[in-house]
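Written below as structure tokens is the structure these notes are about.
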Amino acid sequence: MKIAQIAPLAESVPPKLYGGTERVVSYLTEELVRLGHDVTLFASGDSETSARLVACAPRALRLDASLKDPLAPQAYQLELVHQHAHEFDVLHFHIAHMHLPLFRPIARKTITTLHGRLDLPELVPLYREFSDMPLVSISTAQRRPLAFAHWMGTVYHGLAREVCPFNPAPRGGYFAFLGRVSPEKGLDRAIRIALAAGARLRIAAKVDAQDEEYFHNYIVPLLAQPGIEFIGEMNEAQKPAFLGNAVALLFPINWPEPFGLAMIEAMSCGTPLVAWPQGAVPEVVEDGVTGYIVDTIDAAVAALERVARLDRARVRSRFEERFSAARMAQDYLSVYRALGRRRAIAAA
């Protein structure tokens, strides 16, 4: 099958630092190539892939200090994909909705995975208008605000087995927080949990420009507390040791998380979670097996005492059964084939 993967340009594929969507695109692309498919990746020029790479910008936009107009390379990317669209059996978009008007005439050979939150009122008229564009959600919870849209399926994210190796015996003696510094990710809540439990917390997180005020006003004053360590943004090579040596990952989110890649990265290491029941969390975390789902600080503190006793080998096995890149690729291939069958029926 000839497949085009169209990635966001904000980060490279895979990202040098933070970047969940681009990481998933990388895992999917590499697995499809391994399965023998002819894959072309439309991404930034500093991406690394075994697929054919079409560079749509010299480097990841977020890391390009010389960039003044980020829309220009994104428009250029759309034009490149449009020029080559006839070469592919399927065009798989991961760039939200920028492409919808241009590719509507060939909707039946496109699939769009929506990676972000969908509970925004301005999205309702957009997706009612583009109800002919085939979509994939990354969790059942994510799609609920747009239940009327043209959903072809839900495909959970997956990781290659070797990305975050299993660690049966963590030596860190700490709890971990991994993600962005923002109110919706619940870092302030994670710190309060650790302080209430007298536990050590290590924080690997990036600070976006729009979250700097929150960081300085609400987080920095807490970092002087004993046992709280702020590491900053972490690259992929550092992540396995950080997650693998943690007792558990704290995931106390305060928003409808569409999926939460950090959860399965931790599970891949055998590291369980303590998480809030928002968004996709109840679909990803199996309470009492791969972690504990709680909804108060007191319940989270109590869970910290129990989570270390969960079977890390069982956590890893559930990751392999549910969240491998191989499973993700097969799920997407099923979607691609369904698209092909619909085109054949329409052409008959």
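The values are calculated or read from the model by the stated rules, or taken from the named source; none is laboratory data. Keep in mind the model is a prediction, meaning the values are calculated, not measured. Please note: Cβ atoms are built from the backbone with ideal geometry, for glycine as well, and neighbour counts cover all protein chains shown.
Taken together, Gln83, Gln5, Gln74 contain a single residue that is in contact with a Ser or Thr (Cβ under 6 Å, 6 or more places away or on another chain) and more than 27 Å from Ala204 (Cα to Cα), which is Gln5. Given the condition out of contact with any helix residue (DSSP H, G or I) (no Cβ under 9 Å at 6 or more places or on another chain) and under 27 Å from Ala141 (Cβ atoms), answer yes or no: does some residue in the range 81-93 qualify? No, that holds for no residue. Residues that are modelled with pLDDT of 95 or more, under 22 Å from the mean Cα position of the chain (by Cα) and assigned to a loop (DSSP other than H, G, I, E, B) within the range 134-164 comprise Pro134, Ile138, Ser139, Ala147, Ala149, His150, Val155, Tyr156, His157, Gly158, listed in sequence order. On the basis of being within 23 Å of the chain's Cα centre (by Cα) and surrounded by 22 or more Cβ atoms within 10 Å (Cβ to Cβ), does Ser268 make the cut? Spelling it out, Ser268 is indeed within 23 Å of the chain's Cα centre (by Cα) and surrounded by 22 or more Cβ atoms within 10 Å (Cβ to Cβ).
Checking the structure you have, find out if any residue of the range 25-42 is closer than 22 Å to Phe323 by Cα and of a type in the set (Gly, Ala, Ser). Looking through the range 25-42, at least one residue is closer than 22 Å to Phe323 by Cα and of a type in the set (Gly, Ala, Ser).
Checking each residue in the range 1-49 for being surrounded by 24 or more Cβ atoms within 10 Å (Cβ to Cβ) and charged (D, E, K, R) picks out Glu11, Glu22.
Pairing each residue of the range 164-182 that is over 18 Å from Leu201 (Cα atoms) with any residue that is among the hydroxyl-bearing types (Ser, Thr, Tyr), provided the two are 6+ apart or on different chains, yields C-beta distances under 6 Å for Cys164/Ser268.
Scanning the range 128-135 for residues that are closer than 30 Å to Ser317 by Cα, buried (at least 20 other Cβ atoms within 10 Å of the Cβ) and in contact (Cβ under 8 Å) with a residue 24 or more places away in the chain turns up at least one hit. Taking the residues in the range 313-348 that are without any contact (Cβ under 8 Å) to a residue 24 or more places away in the chain and surrounded by 14 or more Cβ atoms within 10 Å (Cβ to Cβ) as candidates, determine which candidate is farthest from Ser139 (Cα to Cα). Out of the qualifying residues, it is Ser317. All conditions in (1) modelled with pLDDT under 90; (2) more than 25 Å from Glu320 (Cβ to Cβ) hold for Phe230, with the sole exception of (1). Counted as qualifying within the range 169-257 are the strands (runs of 3 or more DSSP E) with 2 or more residues that are in contact with a Phe, Trp or Tyr (Cβ under 6 Å, 6 or more places away or on another chain) and hydrophobic (A, V, I, L, M, F, W, C), namely 201-206, 246-251.
So, in the range 235-251, of the ones that are of a type outside the set (Asp, Glu) and surrounded by fewer than 18 Cβ atoms within 10 Å (Cβ to Cβ), which residue ends up nearest to Val307 (Cα to Cα)? Taking the candidates together, the pick is Ala241. Within the range 72-94, residues that are farther than 23 Å from Val24 by Cβ have Cβ atoms under 7 Å from residues that are modelled with pLDDT of 95 or more and assigned to a helix (DSSP H, G or I) in these pairs: His82/Leu102, counting only partners at least 6 apart in sequence or on another chain.
Of all residues in the range 94-115, those that are of a type outside the set (A, V, I, L, M) and either over 19 Å from Pro8 (Cβ atoms) or surrounded by fewer than 15 Cβ atoms within 10 Å (Cβ to Cβ) (or both) total 5.
When the residues of the range 50-73 are filtered to those that are touching an Asp or Glu at 6+ places or on another chain (Cβ under 9 Å) and loosely packed, with under 15 Cβ neighbours inside 10 Å, which remaining residue is nearest to Gly158 (Cα to Cα)? Applying the filter and picking the extreme gives Ser50.
Screening the range 136-167 for residues that are out of contact with any Pro (no Cβ under 9 Å at 6 or more places or on another chain) and more than 30 Å from Leu35 (Cα to Cα) and picking the one that is surrounded by the fewest Cβ atoms within 10 Å (Cβ to Cβ) gives Ala147.
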